[in-house]
Structures are given as C-alpha cells and as structure tokens.
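Here is the structure we will look at.
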Amino acid sequence: MWGWDTPGKKVTVKVSWSADRHSAVADASGLWQVKVKTPQASHKPLSITFSDGTDRITVSNVLAGEVWVCGGQSNMEMGVRGYDGCPVEGANQTIAEASRYPGIRIAKVPAKMSATPLADTDVSWQVSSHACVGRASAVAYNFAKTLNVSLDVPVGIILTYKGATRCESWLNAQNIKALTQEPTDSAEIAKQFQQPEIRPVLWGNGTFSPVSHYTVRGITFYQGCGNVGNPQGYYTKLLSALAKQWRSDFGLGDIPFYFVQIAPFAYGDPSGDAAAKLRADQFEASKVIPNSGIVCTQDLVYAHEVNQIHPAQKRHVGERLAYLAMSGQYGLTELMSQSPSFKSMTVSGDSCIISLDNLYGSTNLMSGLKGFEVAGADSVFHTAEASWCQGKGVIVTCSEVKKPVAVRYCWHNFMLGNVANLAGLPLFPFRTDSW
C-alpha cells in the first residue's frame, strides 16, 4: 500500500484482519509505502484505516482475492455493450446477471499519455453490477467471471488499455531505444506520429505505470492488430520485452502472462498473409516468454465479419484466458486449456501426415476438416481435403498436387478453418514452408 502525505509525516495503517499496525514516514517527495500481509481470499468484507495523526481515512467493503491486470488495444477495451456497429454476443444477459457476482471488482484506469511515468491516476474499484459492467471490457469481465465461479473467491480486474495502440505504445523508453528506431522524446514522438494512439512510450507512461506497484496475480493482454505488417520476428521481440518490463515493474517475479492471438480480419486483402505472420510471431512469443500462454481465436469470427476488426464473440476469449490461468496458475489440471498446434509433417506418396500437439486424444471432427492448403515444388498452394486418422494424425491430400512439399493451415489474413481438439479449442494457424 502506498500514498502521499506531507514530507516527514508518519502514516499508520490498520487492517481489520490483523492486530498488527504498520507505519511509514513520508519521504522528501511525500511518498510513503508499507507492505501488509493479506488474509486468505474470502467474500467477507474487510476494512483498512489510514491515519497520520491529523487525518484519518477508512476504506470499507474491501475484499481479499485474486487481482489480474488486463491490457491491450480495442479488442480488450471493447465493453460488454460493444461499440457502435460492433455488437458483443450475450451483452444483455451478461449485464442483467452482473449483480449476481459481487465478488468481481473492476478498476478502469483512465487512458492517457504522459511524457514521464505517472505514479498516480484517478481510479477506483467498482462492484460488479448492471450499472457498470456494460462499460467494462467484455474479455476481461468474462475472464474474471469464470475465475470467480470456479475458484469461489473474489476476483479484481485492473483495466488498462487503449484502442489502436501498438506494442511500442506500452514499451518504456529504454526498450524503445534498444529495439526500435523510434524517438523517445515526447516532442519528437508527437511530430513523427500524427495519430496519437500509435505513439510509443507515452501510453505506457500514462496508463500502465500508475498501477505498476500493485500486487497482482498475473497479466492478460490482447493486442497485435496495430502491429500487422511488421517484419516477421519483430513482434516476438517486442512482446517478449514488454512481458519482461511489466514483470520487472511489479517486482513479483515471472508472474503469468497470458495473451490473445489476433482474430481473422481482412486488413484490406483477405487472401494476404501479413496478419498470418503476426499470429505466427505471437505464437512464437508464447514459446519464449517464461510462464506464458496464448489463446487462439481462429474459430471466434463469423464469415460475415471479414471486415469487422472487432468480432462479437468475446465471452469465449475471456473464458479461454481463464482456462489458461486455472490450469497453469491454480492447479486445475483436469482442464483442457491448450489449443492444438503443429508438431511435424511427413509425406507419404500424395499425402501429407500432420502431427499435432495438445489434441487431448482426438480432433473434433473425423472428416471434412477445412482450412488446409497444399503446394508442390512450384510453391503454388491449392485447397486440400483433410481427415483424422487415429494413430497417424491429420491426413491432407489434394488432387491437384501429386507430390506435395508443404502444407498451410489458415495462413491468410482472413480464413476460417474448423479443426479443433477434444475440448473444442481451435488449431493454431501454421505453415510448414518458409517461402
């Protein structure tokens, strides 16, 4: 716990769950900080009293539970009510039932830019209710709801996001200098980037830094659309640096970092592959960032949403993030939380046999698997047929390619496949070639 007072003032902190008293003296800048051991998670209301001998403040209806930070760009920012022209499925039901979950607490950090890291911001906790949930992140709220119901403990979500931001928007000046050619001086940033949302450094300084001393269980992140078009491999470095940066800021070790792969979207050319390359970079980041996990959203877009960058199916995104947390952080090992991914390929005659990880025993369909393409030595890809063969994997063939060399799955900006594992979690897009 921390705050500000007159320099030299002694601040005493008394908590309702302990007879211990904690105190600290405000330093020359007025800052004071104490560490308090929290009780076991419970829905029992608690209170905290702060006093400096002159003023006394008591904060009531405090809960002890699991706190997660939820950051990113517009698909994380998208509220339960949706945006104009961008609905969220199940919005009315979610809002109508919100008061059934008073153990969910929501703190929305105001989105702002700052030339220097801010230490404070105008933010407060809200109890889940129909009055506030509509404006809260649909992904984050469904994440919290799933954890709250499963663990039966309070769950707090700190919402810190800004639509249209790039990964660079959240990196600090040190990382921007080390990884990019972009400016870090605020005047130069404004001069070079006319669109405020894509400016580096400033959004992290103003929107994330104020909560970076809070004690949290982990981080969820949904961002990437703003980086489509980056050279392959670039985003992996950026996201890895961001996870390391935020963990360092919190000072809590390698806390969980769970993030979402961008959904299918045309980006001006449905058959292009710029988004596919970004998804590959995100998947690679999940392999190199310690204690991390990635959610696949390949199946959470309808065909008519080809030009809708904010798809409506947000509940499943939040739930899948929660599955990662529940299996990886809370020990619910019976959960099937991982999407299948490419493992290896062998060629036998005119057939490609694809082996996949994390199937949990089977694909969702035995035949009629869609989303695959096959190419021969000429590097020209053709739509392929695929089916599940127990003991071998997915068998992919194409009558137009007698000597297959490479296979791709949903390797386009917008392409919808239907392959999933026993839990119904979708297959990550992949390619076996490097053309």
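What the table below lists for this structure:
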{"read-out": "Per-selection Rg to Rh, the range 181-318 - Cα, Kirkwood hydrodynamic radius", "value": "0.97"}
{"read-out": "Listed residue pairs exceeding 21 Å between alpha carbons, taken from Lys108/Lys162; Lys112/Lys277; Lys10/Lys44; Lys177/Lys244; Lys35/Lys145", "value": "Lys112/Lys277; Lys10/Lys44; Lys35/Lys145"}
{"read-out": "Selected from Gln390, Gly371, Cys410, residue furthest toward positive end of dipole (the range 366-417; charges at beta carbon)", "value": "Gln390"}
{"read-out": "Farthest positive-ward along the range 104-164 dipole, Cα basis, beta-carbon charges - from Val139, Ser150, Ile104", "value": "Val139"}
{"read-out": "Positive dipole terminus of the range 230-389, leading residue within Phe265, Gly331, Val380 (C-beta point charges)", "value": "Gly331"}
{"read-out": "Nearest-20 debye value, the range 83-186 charge dipole, Cβ charges on Lys, Arg, Asp, Glu", "value": "120 debye"}
{"read-out": "Residues in the range 160-175 reached by a label modelled at Lys244 [backbone nitrogen below 15 Å; 7 Å Cα→Cβ]", "value": "171-175"}
{"read-out": "Contact order relative to length of the chain, as percent, for alpha carbon pairs under 8 angstrom and 6 or more apart", "value": "13 percent"}
{"read-out": "Debye, to nearest 20: dipole size of the chain, +1 on Lys, Arg Cβ, -1 on Asp, Glu Cβ", "value": "860 debye"}
{"read-out": "Residue order for Glu319, Glu385 - accessible surface, 1.4 angstrom probe, largest first", "value": "Glu385, Glu319"}
{"read-out": "Assigned charges on the beta-carbon of Lys, Arg, Asp, Glu; the range 300-399 dipole about Cα centre (debye)", "value": "280 debye"}
{"read-out": "Centroid-to-centroid separation of the range 404-431 and the range 382-400 [C-alpha atoms, Å]", "value": "12 Å"}
{"read-out": "Considering only the chain, percent of DSSP beta bridges that pair antiparallel, nearest 5", "value": "70 percent"}
{"read-out": "Within a Gaussian network of the chain (alpha carbon springs, distance under 10 Å), most fluctuating of Leu238, Leu252, Leu278", "value": "Leu252"}
{"read-out": "Projected area averaged over orientations for the chain, convex hull of C-alpha atoms, nm²", "value": "22.9 nm²"}
{"read-out": "Amide H within-cut-off set for Lys108, under 5 Å, with H built and near neighbours excluded", "value": "Ser124, Leu159"}
{"read-out": "Positive minus negative residues near Glu168 (Lys, Arg vs Asp, Glu; Cβ under 13 Å)", "value": "+3"}
{"read-out": "Alpha-carbon centroids, the range 35-98 and the range 233-307: separation in whole Å", "value": "25 Å"}
{"read-out": "Aspartates and glutamates whose Cα lies under 20 Å from that of Lys370, excluding same-chain neighbours fewer than 8 positions away", "value": "Asp273, Asp299, Glu305, Asp350, Asp357, Glu385, Glu400, Asp433"}
{"read-out": "Rounded tilt (10° steps) of 234-250 against the dominant C-alpha axis of the chain", "value": "20 degrees"}
{"read-out": "Spacing of the two label points (7 Å from each Cα toward its C-beta) at Lys403 and Thr38, in nm", "value": "6.3 nm"}
{"read-out": "Mean residue ellipticity (222 nm) of the chain, computed from DSSP H runs ≥ 4 via -39,500 (n - 2.57), nearest 500", "value": "-6000 deg cm²/dmol"}
{"read-out": "Peptides 84-96, 367-379, 239-251 ordered by average Cβ neighbours within 10 Å, highest first", "value": "239-251, 367-379, 84-96"}
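The values are calculated or read from the model by the stated rules, or taken from the named source; none is laboratory data. All values derive from a computational prediction rather than experimental measurement. Glycine also receives a Cβ, built like all others from the backbone with ideal geometry; neighbour counts cover every protein chain displayed. Surface accessibility is based on the protein's heavy atoms, side chains included, excluding ligands, DNA and RNA. Shrake-Rupley method; radii C 1.70, N 1.55, O 1.52, S 1.80 Å.
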